[in-house]
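The values are calculated or read from the model by the stated rules, or taken from the named source; none is laboratory data. Predicted, not measured: the structure shown is a model, and the values here were computed from it. All Cβ positions, even for glycine, are placed from backbone atoms using ideal geometry, and neighbour counts span all protein chains on display. Surface accessibility is based on the protein's heavy atoms, side chains included, excluding ligands, DNA and RNA. Shrake-Rupley method; radii C 1.70, N 1.55, O 1.52, S 1.80 Å.
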Amino acid sequence: MNAIIIGASSGIGHETARLFLHRGWHCGIAARRTDLLKQLKSEYPELVEVETIDITSADAPERLLRLIDRLGGVDLYFHASGIGKQNRLLETEIEMRTVDTNAMGFTRMIDTVFQYMANHGGGHIAAISSIAGTKGLGPAPSYSATKAFQNTYLQALEQLANSRKLNIRFTDIRPGFVDTPLLNDGNRYPLMLKPQNVAKEIVDSIEKRRHIRIIDWRWRIITGLWHYIPGWVWRRLKL
């Protein structure tokens, strides 16, 4: 089985890549920084293909297709690339960079692999979005907005694939706060999850072909309750 993992240099993407490699998958791994990718290559030289990809760059689709060709096709595309941080002062540069990565870059890569799978017999597209897409979070406006975008985009593509009778499956992974460099910003986050545990649940969700998976059970309860909070109450919450 062949998997492409975008954002495999650290955090959840790195841990998930390790699990797939441990299970004998042939993996094409990519990120902006390749030093940690080359480390995985040295550990699994027969199973790893490495490519440098910045999903915000215009040449990212070309680099992705090149990696797929070197891999000999793709059964699973796993999108773990993304950025986000609290931005209570609403600095425009932070907001725009987040939109560029989590919305524009996400769309650029997902569309490329969707078209490839549509022309090559199908496959499985999985992506890490976030529980942050459930409600607008005041401390991180662009992050929660782009994660809601990802949720809706994957849902729309799933409907599109079904209407076109394409054999493309989707899994939307929505973790809570995960102890990765992304959240190493000096702020406190509740119910932090370990990336190794999150990676295990991701692989399990992909293998079971789940459509949506909120990680973990505590966040499934919390986000479920969020839906019942009236708008006038949510607007007044101090997060």
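Annotation note: trypsin sites (Lys or Arg not before Pro) in the stretch 144-239 located in DSSP loop regions with a Cβ neighbour count of at most 11 within 10 Å are ARG164, LYS165, ARG188, LYS208, ARG209, ARG235, ARG236, LYS238. Straight-line cross-link reach from LYS208 at under 16 Å between alpha-carbon atoms covers these lysines, not counting any fewer than eight positions away in the same chain: LYS200.
Computed with a 1.4 Å probe on the full set of protein chains, the accessible area for GLU201 sits at about 40 Å². Sorted from longest to shortest, the spans of the Cα atoms of the chain along the three principal axes equal 53, 41, 34 Å. Here the Karplus curve 6.51 cos²θ - 1.76 cosθ + 1.60, taken at θ = phi - 60°, turns the phi angles of the stretch 22-28 into couplings of 4, 8, x, 6, 8, 10, x Hz, with x standing for Gly and Pro.
With respect to the cross-link table entries LYS135/LYS238; LYS85/LYS194; LYS135/LYS165; LYS85/LYS147; LYS147/LYS194; LYS194/LYS238, which display a Cα-Cα separation exceeding 22 Å?
Details: LYS135/LYS238 14 Å; LYS85/LYS194 18 Å; LYS135/LYS165 32 Å; LYS85/LYS147 13 Å; LYS147/LYS194 20 Å; LYS194/LYS238 26 Å.
Checking Cα-Cα distances, LYS135/LYS165; LYS194/LYS238 exceed 22 Å.
Relative to the longest principal axis of the C-alpha atoms of the chain, give the angle of the C-alpha long axis of helix 60-71, reported between 0 and 90° and rounded to the nearest 10°. Computed tilt is about 40 degrees. By DSSP, the beta bridges lying fully in the chain are antiparallel in about 0 percent of cases. Helical content of the chain, expressed as a calculated mean residue ellipticity at 222 nm, amounts to -13500 deg cm²/dmol (DSSP H runs of 4 or more residues, -39,500 (n - 2.57) each, divided by residue number, nearest 500). The accessible area of GLU158, taken with all protein chains in place and a 1.4 Å probe, comes to roughly 40 Å². Short-range pairs are left out: with C-alpha atoms under 8 Å and at least six residues apart, the relative contact order of the stretch 47-109 is 44 percent. Per-residue extension of 0.36 nm, minus the Cα-Cα distance of ILE212 and ASP75, leaves a gain of 47.4 nm for this segment. The Cα-based radius of gyration and maximum Cα-Cα distance (Dmax) for the stretch 3-138 are 15.3, 48 Å.
Take every Cα pair under 8 Å whose residues are at least 6 apart in sequence, average their separation, divide by the length of the chain, and the relative contact order is 19 percent.
About the centre of its Cα atoms, the chain shows a dipole size close to 880 debye [charges on the beta carbon of Lys, Arg (+1) and Asp, Glu (-1) only; nearest 20 debye].
Quick check: net charge around GLY7, other residues with Cβ under 14 Å of its Cβ, Lys/Arg +1 and Asp/Glu -1?
Numbers: positive: ARG18, ARG32, ARG33, ARG63, ARG108; negative: GLU15, GLU51, ASP54.
Net charge around GLY7: +2.
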